[in-house]
Amino acid sequence: MAFKVYTKTGDKGKTSLFGGARVPKNHARIESYGTVDELNSYIGLIRDSIVLEPERKMLKEIQDRLFTLGAILAADPSKDKEKLQTPDLHDSDVELLEQEIDRMEESLPALQHFVLPGGHTTVSFCHIARCVCRRAERLAVALDEQQSVLPIVIQYLNRLSDYLFVLGRFLAQALQAEEVKWIPRR
């Protein structure tokens, strides 16, 4: 039996967490994982915009990890995690981002100034995704002030925003796009 896309259960402004609890659609937990979903969509846009296979493969891995992260955030905190069987993020997921950042930075000139977003559409997509990632991180931190969030969720989002910044620089170089430095006027 196929599932229907619409259930009508959210027509009055409430939705269910993974585990069954009903919460308002503007609940901090919904805002948090909804922003992760938005970020995942932008990552897909970047992946569809580039031809470099190692980066496409890495972005697919990141999308998978973001689904895991979203599932963690969508889980009802009052339920036993083992019974919900949510997937896990691991330290190795954060380490992979760090390894990729280091790999890309090896071929980039040292950063001496802030960089203005732009130079190429794909580079701009990276900066948009980076900003959405930072918002997702802020929302996860705010949620953590209300209900406990696994520290690795916040750590992954923090490192991912760094990755997206470096990816933008890396792609600018690969696309021979100008990297516009921000030099404050005095």
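Laboratory data are not the source of any read-out in this text; all were calculated from the coordinates shown. All values reported here derive from a predicted model rather than from experimental measurement. Every residue, glycine among them, receives a Cβ derived from its backbone with ideal geometry; neighbour counts consider all protein chains shown.
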Lys14 long-range amide H proximity, modeled H, under 5 Å:
Lys25
How much FRET efficiency would the formula 1/(1 + (r/R0)^6) give for Glu106 and Glu178, where r is the Cβ-Cβ distance and R0 is 22 Å, rounded to 0.05?
0.55
Using the alpha-carbon atoms, what tilt in degrees (0 to 90, nearest 10) does helix 28-49 show relative to the longest principal axis of the chain?
40 degrees
Counting other beta carbons within 10 Å of each residue's own, what order do Leu97, Leu116 fall into, fewest first?
Leu116, Leu97
Run the helix sum for the chain: -39,500 (n - 2.57) per DSSP H stretch of 4+ residues, divided by residue count, reported at 222 nm to the nearest 500 deg cm²/dmol.
-20500 deg cm²/dmol
On a straight-distance basis, which aspartates and glutamates could pair with Lys14 in a cross-link, Cα separation under 17 angstrom, same-chain partners fewer than 8 positions away excluded?
Glu31, Asp76
Could you tell me how many degrees, from 0 to 90 and to the nearest 10, lie between the Cα long axis of helix 53-74 and the main elongation axis, the longest principal axis, of the Cα atoms of the chain?
30 degrees
Taking 0.36 nm per intervening residue step and subtracting the Cα-Cα distance, what contour gain separates Leu116 from Ala2 on full extension?
36.3 nm
R0 of 30 Å, Cβ-Cβ distance Gln99-Asp48: FRET efficiency to nearest 0.05
0.80
Tilt, helix 91-105 to longest principal axis of the chain (alpha-carbon atoms), in degrees rounded to tens, equals 20 degrees
Note on the chain: contact order normalised by length, alpha-carbon pairs under 8 Å, 6 or more apart, percent, works out to 25 percent
Report, by chain and number, residues whose modeled amide H sits under 5 Å from the one on Val115, excluding near sequence neighbours (fewer than 5 apart, same chain).
Trp182
Determine, for Leu52, Leu167, Leu66, the number of other Cβ atoms within 10 Å of each Cβ, and report the residues in order from fewest to most.
Leu52, Leu66, Leu167
Please work out the ratio of the alpha-carbon Rg of the stretch 72-186 to 2.2 N^0.38 Å and round it to two decimals.
1.29
When Tyr6, Tyr156, Tyr42 are ordered from fewest to most other Cβ atoms inside 10 Å of their Cβ, what list results?
Tyr6, Tyr42, Tyr156
